[in-house]
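Working notes for the structure below.
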Amino acid sequence: MAINKEDTALKEIIQGARLLFEKFGLKKTTMEDIAREVGKGKSSLYYYFPSKYEIFEAVIEQEMSELSCLVKKSIDKAPNAKEKLKAYTKVRLTKLNKLRNLSQVVKNDLLDNMHLVMDIKKRHEVEQMNVIKELITDGVRSGEFKKITEADINVLAFLFAATFRGIAMPLCTQTFPDLSQKSGEVIEMMVSGIVK
């Protein structure tokens, strides 16, 4: 199978931009900086992206896609619904912990460009809610969780997703503990009401 040169170039640009955004932030990173980082001319970058904001968007989109892949791999390894929810929670909390450790420059950039971030996150939010719904539904079907209606499963999935969304914003502005080490305890608190 032939390697698509365009796909390779896009990946290089996104990866190079990601490194620069993490190091210097969006405001201080220029198209020229990105071109230099990936060893391309500025005109090559403009062929793929009209501005650094579209590259920033592509970086966030890639982050969200990577999160989805990590979630899928983790829950596929877990033996039952409760362990799958724990695996899902650990991946999400680990990703949130990465956000906590970002430099203040990058956090400020994220806050300044929250509309871009939120548009992308909304697209992935539906996918995440569907994963949670499926995990809860499987637990109900197997008898691991008590019988609850589909409407209540939808509410629970919304609450799980809203919890992670609600944790993310304070991590940009405040110091919080590393919650990824507490995923087992967190999931116990979150699901104890639905476990038989």
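Yes/no matrix, rows are residues, columns are (1) within 22 Å of Arg165 (Cβ to Cβ); (2) among the charged types (D, E, K, R):
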position: Lys11; (1), (2): no, yes
position: Lys23; (1), (2): no, yes
position: Ala35; (1), (2): no, no
position: Lys40; (1), (2): no, yes
position: Tyr46; (1), (2): no, no
position: Lys52; (1), (2): no, yes
position: Thr89; (1), (2): yes, no
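Scanning segment 141-156 for residues that are of a type outside the set (Ser, Thr, Tyr), modelled with pLDDT of 90 or more, part of a helix (DSSP H, G or I) and touching a helix residue (DSSP H, G or I) at 6+ places or on another chain (Cβ under 7 Å) gives Ile153, Asn154. Here Tyr48, Tyr53 are screened, and the one residue that is aromatic (Phe, Trp, Tyr), more than 20 Å from Met118 (Cβ to Cβ) and at pLDDT 85 or above is Tyr48.
Residues checked against (1) crowded, with 18+ Cβ neighbours inside 10 Å; (2) assigned to a helix (DSSP H, G or I); (3) out of contact with any Cys (no Cβ under 8 Å at 6 or more places or on another chain); (4) among the basic types (Lys, Arg):
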| position | (1), (2), (3), (4) |
| --- | --- |
| Pro50 | no, no, yes, no |
| Ile55 | yes, yes, yes, no |
| Gln62 | no, yes, yes, no |
| Ser65 | no, yes, yes, no |
| Leu70 | no, yes, yes, no |
| Lys73 | no, yes, yes, yes |
| Asp76 | no, yes, yes, no |
| Pro79 | no, no, yes, no |
| Lys82 | yes, yes, yes, yes |
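Residues in segment 147-167 that are within 22 Å of the chain's Cα centre (by Cα), exposed (fewer than 13 other Cβ atoms within 10 Å of the Cβ) and more than 15 Å from Val131 (Cα to Cα): Gly166 only. Residues that are under 19 Å from Arg165 (Cα atoms) and at pLDDT 85 or above do not occur anywhere in segment 94-107. Restricting Ala35, Ala9, Ala81, Ala87 to residues that are more than 19 Å from the chain's Cα centre (by Cα), within 30 Å of Gly143 (Cβ to Cβ) and aliphatic (A, V, I, L, M) narrows the list to Ala81.
For Ala81, state whether it is in contact with a strand residue (DSSP E or B) (Cβ under 7 Å, 6 or more places away or on another chain) and small (Gly, Ala, Ser).
So Ala81 fits the description; yes.
The values are calculated or read from the model by the stated rules, or taken from the named source; none is laboratory data. Quantities reported herein were computed from a predicted structural model and do not represent experimental measurements. No Cβ is skipped: glycine too gets one built from the backbone with ideal geometry, and neighbour counts run over all protein chains shown.
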